[in-house]
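> Sending over a structure as structure tokens; questions will come in a sec.
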Amino acid sequence: MNLVSHVTAAIEVTGRHGVGFIPKFRARIGRWARHPPGPLRPVSLTELERRLVELGVARGRDLVVHSSWDGLRQVQGKPIEILRLLHALVGPDATLLMPSHPRERREDGLPFFDVERSPTSMGLLAEILRRRPGSRRGAFPIAPACALGPAAERYTRDFRRESGGTPYGRGSPWHTIAERGGQVLLLGVAPQRALTLAHVAFDLLGPANPIRNYYREQTWLVVRGGAAERWTVRAVDPAIEKYLATYTFARMMTRAGVITERVDDGLYLTWLDARRFLDWHLPIARDTGFPYWGFPRAQR
């Protein structure tokens, strides 16, 4: 990391701290961040497919897709047509995945997750994938994935013991996509707003995680196969979020060449190789804690 990255991160984190003291300002910032990057022009499904192939989306490799339907308003196709396009791009020998975080709900005083029934808060495409015949959904209540394809069972298995109760650690779909040499696509959303893989390194680091009090234990009521269970897991403490410098981190990724971006007709497209990203991020997370900045450091 260079001096410029530290300075821009300091400015970003200071601003993030201050936002909480200004009523409705956080919502305004969010609307600004979601604003299309330039004038919107119609994009056909054929044109979208061409751009995705040129970007790097490869047939035969598992693919995680983060998407925002608001960011795809210029694409001339229905959600199900875009989903079919993505599935066809990777082919029958690869698995298509999307994050499927459940919407907030509580039962008996606990956060609640019904694996088969809880709708996802991760956008229209993710919800359609969740409902697709043959699609599977992981039971881990924080950051579960939906998967459709030959490796769907592997991506949605119970990995609590492997990961030490963390959502992004060893055995999770977000670690598995890197182990299997998969790829990640951000469709209609900027990299500073959605990149689940940025959490993986910290769950893998364990005691080498430089951030003090990174986790907070949570107990969830999880329903799978109609049976209710109590799951105690380790979640990232929400208090840590105020130290995020996501815009600075996005620039770091671009400079390092670990992401490929394209913005045309107001449409954000970002592609990355999951294994290459994790190999790049692990030492950065261990040594600097990025994309967090200015956080209380752990005692080693």
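> Per DSSP H run of n ≥ 4, the term is -39500 (n - 2.57); total these for the chain, divide by its residue number, and report the mean residue ellipticity at 222 nm rounded to 500 deg cm²/dmol.
Working: 11 runs with 105 residues, N = 300.
Result for the chain, helices only: -10000 deg cm²/dmol.
> Which peptide among 181-191, 265-275, 50-60 comes first, and what is the full order, when sorted by highest mean count of other Cβ atoms within 10 Å?
Details: 181-191: 22.5, 265-275: 20.5, 50-60: 14.8.
Packing proxy ranking, top to bottom: 181-191, 265-275, 50-60.
> Ok, one more. How would the chain be classified by its alpha-carbon gyration tensor: rounded, prolate or oblate, with rounded meaning a/c under 1.5 and the a/b versus b/c comparison settling the rest?
rounded
> Can you list the DSSP H helices in the chain whose Cα atoms extend at least 27 Å along the helix axis and whose mean Kyte-Doolittle hydropathy is 1.6 or higher? Before the final figure, lay out each step's value.
Values: long enough: none.
Long hydrophobic helices here: none detected.
> May I ask which residue of Ala274, Gly289, Thr246 lies farthest towards the positive end of the charge dipole of the range 189-295, with charges of +1 (Lys, Arg) and -1 (Asp, Glu) on Cβ and the Cα centre as origin?
Gly289
> Please state the charge dipole magnitude for the range 260-300, taken about the Cα centre, from unit charges on C-beta atoms (+1 on K and R, -1 on D and E), reported in debye and rounded to the nearest 20. Walk me through the intermediate numbers first.
Details: 6 positive and 6 negative charges, 85 e Å.
Using only the charged Cβ atoms, the result is roughly 400 debye.
> Farthest toward the dipole's positive end in the range 78-153, which of Pro141, Gly109, Pro92, given Cβ charges of +1 (Lys, Arg) and -1 (Asp, Glu) about the Cα centre?
Pro92
> Something else: Among DSSP beta bridges lying fully in the chain, give the percent that are antiparallel, nearest 5. Mind dumping the intermediate values first?
On the way: 31 of 43 bridges.
Around 70 percent of the beta bridges assigned by DSSP in the chain are antiparallel ones.
Read-outs throughout are calculated quantities, based only on the coordinates presented, and are distinct from any laboratory measurement. From a predicted model like this one, the values you see are computed outputs, not experimental measurements. Here the Cβ is made from the backbone with ideal geometry for all residues, glycine too, and neighbour counts use every protein chain on show.
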